[in-house]
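Colleague: If you scroll down you'll find the structure; I have some questions about it.
The values are calculated or read from the model by the stated rules, or taken from the named source; none is laboratory data. Model, not experiment: these values are computed from the prediction. Heads up, the Cβs are rebuilt from the backbone with ideal geometry, glycines too, and the neighbour counts pull from every protein chain shown.
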Amino acid sequence: MENSLKFYKYQGTGNDFVMVDNRDLFFPKNNELIAKLCDRRFGIGGDGLILLENDNNYDFKMVYYNSDGNESTMCGNGGRCTVAFAHFLDIFEEKCSFVAIDGKHEACIKNGWVQLKMIDVEEIKTMDNNYIINTGSPHFVQQVEQLEDFDVYSNGKKIRNSAPFAKEGINVNFMEIQEDGSLFVRTYERGVEDETYSCGTGVTACGIAYLKNKNENSVLVKVLGGTLKVKLEKKENSFVNIWLEGPAKMVFEGKINL
C-alpha cells in the first residue's frame with residue numbers, strides 16, 4: 001500500500017464517516033489504523049469508517065467499522081452514506097442493492113435524498129417500560145421527557161454497560177414524542193462510546209417502538225443533526241418493508257499520510 005490514502009468524508013444528519021473505495025481490496029483491515037483514521041485530532045475524524053467493495057451478487061458491498069477500529073453491526077446512516085458514495089462513483093443511477101453484515105439492502109437516491117430498506121424486525125422485547133429492538137444493530141429505547149436537557153452521555157453509558165448488555169454492548173436511544181406527532185431522538189452509540197449527532201438504526205428502532213401501537217405507518221424523527229423519516233408495514237407481530245430516509249452528503253475528499 002502507498003504511504004497515503006485517498007478518502008472521502010460523508011455525513012448523514014451529522015453522523016459522519018470516512019469512506020474508502022476498496023474495490024481493489026488494497027486497504028489493510030487493521031483495527032489500529034482504522035481507529036487512527038477516525039480520530040478527530042490525529043486522523044480524519046469520523047463516527048466510523050466504511051469500505052465500499054465489489055460483490056458478485058449485488059451492486060456493491062458495505063464493510064463498516066466503528067471509530068474504535070472494530071468491525072461492527074449495521075449502521076443505517078452509514079448505509080445511506082455508502083449509497084450516496086456508490087452513486088458518486090457511478091455504480092448505479094437511481095436504484096441499487098447491496099450487501100452488509102446484516103444481509104441484503106435495497107436503496108434509491110434522488111437529489112441527495114437516500115431511501116434505505118432496512119431488515120425486517122420479527123420481535124420487540126420489553127424491559128420494564130423500555131424496548132429492545134434489533135434493526136441490524138441492537139438498540140435499547142427509552143421514552144423520556146425534556147430530552148433537550150437530558151444527560152444522554154451518563155445515562156446512556158450506564159445502560160450500555162449494565163449487566164445484561166456489558167459483554168456485547170447495546171446502543172441506547174432516548175426518545176421524546178413531540179406535540180406535532182414527530183419524535184426527537186438522541187443516541188449513545190457503543191463503539192463510539194459517546195453520543196452521536198444521529199444514529200440511523202437507532203432512529204429506525206425508535207420509529208418502530210412509536211408506530212407499533214399507532215394506525216400510522218410513518219413518522220418524522222428529529223435528531224441533533226437534522227431530520228429523518230421512518231416508514232414501515234405491520235405484519236401480525238412483525239415489521240416489514242422498513243425504510244429509513246434522509247439526506248447523505250459528501251463533505252470533502254482528500255489524501256492522508258499513513
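Colleague: Yes or no: residue 70 within 18 Å of residue 248 (Cα to Cα) and among the polar types (S, T, N, Q)?
Modeller: no
Colleague: Has region 41-57 got at least one residue that is touching a helix residue (DSSP H, G or I) at 6+ places or on another chain (Cβ under 6 Å), modelled with pLDDT of 95 or more, aliphatic (A, V, I, L, M) and in a loop (DSSP other than H, G, I, E, B)?
Modeller: Within region 41-57, one or more residues are touching a helix residue (DSSP H, G or I) at 6+ places or on another chain (Cβ under 6 Å), modelled with pLDDT of 95 or more, aliphatic (A, V, I, L, M) and in a loop (DSSP other than H, G, I, E, B).
Colleague: Which one of these does residue 145 not meet: (1) of a type outside the set (A, V, I, L, M); (2) over 22 Å from residue 59 (Cβ atoms); (3) in a strand (DSSP E or B)?
Modeller: Just one mismatch for residue 145, condition (3).
Colleague: Still on this structure, please answer the following. Collect the residues in region 156-196 that are of a type in the set (Asp, Glu), outside any strand (DSSP E or B) and touching an Asp or Glu at 6+ places or on another chain (Cβ under 8 Å), keeping them in residue-number order.
Modeller: Within region 156-196, just 193 meets the criteria.
Colleague: For a quick check of your reading: which strands (runs of 3 or more DSSP E) sit entirely within region 209-258 and have at least 2 residues that are at pLDDT 95 or above and more than 25 Å from residue 195 (Cβ to Cβ)?
Modeller: Fully inside region 209-258 and qualifying: 226-235, 238-247, 249-257.
Colleague: Output the residues belonging to region 103-134 that are touching a residue at least 24 places away in the same chain (Cβ under 8 Å), over 30 Å from residue 145 (Cβ atoms) and under 16 Å from the mean Cα position of the chain (by Cα).
Modeller: 104, 105, 107, 113, 114, 115, 116, 117, 119, 120
Colleague: Which of the residues that make up region 39-71 are under 18 Å from residue 136 (Cα atoms) and of a type in the set (Lys, Arg)?
Modeller: 61
Colleague: Next up: Assess whether residue 167 counts as being modelled with pLDDT under 95 and assigned by TED's automatic domain parsing to the domain that holds residue 137.
Modeller: Yes, satisfied.
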